[in-house]
Amino acid sequence: MGRLMLHMMISADGMVSGPQGELDWIANDEPLNQDHLARLEQADAVILGAGGYSMSSFWTAAEHDEKAEAIMRDLGRAINKIPKIVYSHQDMPVDWRNTKVHVVKDDKALVEDVERLKRETEGTIICYGGVRFARTLVQQDLLDEIHLDVCPVILGVGQPLFTELTHRTNLRLRETVTYDSGATMMHYEVVKIS
């Protein structure tokens, strides 16, 4: 059975973007990006909400951008190559290589589809967001692991990751890494309570 990992960059106060969707605060250094690439290359699939699909044009271009750092081209190649599923409440056109849309009418349908995907997958499935989709995965107890790259900035306002949740989720810390940029990766296992 596959394991579903949420992987998000967040500010020290838990935001995933600024109030206008700004991402200019995200830490960026070679070892952090190398760790992202290694995790992505070991994964079997990526799932995204419709909001997360907005990054598709960035990664499609990054793969071939000779002005970009080599690691960004490598990340672009890896994410463009891996099978991706975009979850949406309505059908939507996609032109990102190796991407399918799964239309789900409600949270119950999402849970059923993600649970089926986990049963059919042997390895890791990574979720990179969007933020509403990530919250739904937490709320519906679908996650097995949470990888947070906490960046050294307090935004004060923006899109918080962990909001509108109605129950506690217990976590067990598996690993931490601090990078040159000051970002700290915290890898948690979600403790399933029977």
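The values are calculated or read from the model by the stated rules, or taken from the named source; none is laboratory data. Given the structure is predicted, the values throughout are model-derived calculations rather than measurements. Backbone-built Cβ (ideal geometry, glycine too); neighbour counts: all protein chains shown. These area figures cover heavy atoms from the full protein model, side chains too; ligands, DNA and RNA do not enter into them. Shrake-Rupley method; radii C 1.70, N 1.55, O 1.52, S 1.80 Å.
Run the helix sum for the chain: -39,500 (n - 2.57) per DSSP H stretch of 4+ residues, divided by residue count, reported at 222 nm to the nearest 500 deg cm²/dmol.
Values: 5 runs with 55 residues, N = 194.
The helix contribution divided over the chain gives -8500 deg cm²/dmol.
Let's test the formula: R0 of 25 Å, r as the Cβ-Cβ distance of residue 38 and residue 105. What FRET efficiency results, to the nearest 0.05?
Values: r = 36 Å, r/R0 = 1.45.
Between residue 38 and residue 105 the formula returns 0.10.
Provide the solvent-accessible area of residue 181, counting protein heavy atoms only and rolling a 1.4 Å probe, rounded to the nearest 10 Å².
Around 40 Å² of this residue is reachable by solvent.
How long are the three semi-axes of the equivalent ellipsoid for segment 1-132, computed from the Cα gyration tensor as the root of 5 times each eigenvalue, in whole Å, largest first?
Numbers: eigenvalues 115, 61, 48 Å².
For segment 1-132, the ellipsoid semi-axes come out as 24, 17, 16 Å.
In debye, nearest 20, what is the charge dipole magnitude of segment 67-194 about its Cα centre with +1 on Lys and Arg Cβ and -1 on Asp and Glu Cβ, if you could check? Don't jump to the answer; show the numbers that get you there.
On the way: 18 positive and 19 negative charges, 42 e Å.
That gives segment 67-194 a dipole magnitude of about 200 debye.
Straight-line reach from residue 81: which lysines have Cα under 23 Å away, leaving out those fewer than 8 places along the same chain?
In chain and number order, the partners are 67, 100, 118.
So how many Å³ per residue does the convex hull of the Cα atoms of segment 97-194 work out to?
Working: hull volume 16.0 nm³, N = 98.
Considering the Cα atoms of segment 97-194, their hull volume per residue is 164 Å³.
Work out the charge dipole of the chain with +1 on the Cβ of Lys and Arg and -1 on the Cβ of Asp and Glu about the Cα centre, then indicate which of 151, 83, 181 is farthest towards its positive end.
83
Taking only the alpha carbons of segment 60-129, what extent do you get along each of the three principal axes, in Å, biggest first?
Principal-axis extents of the Cα atoms in segment 60-129, largest first: 44, 28, 17 Å.
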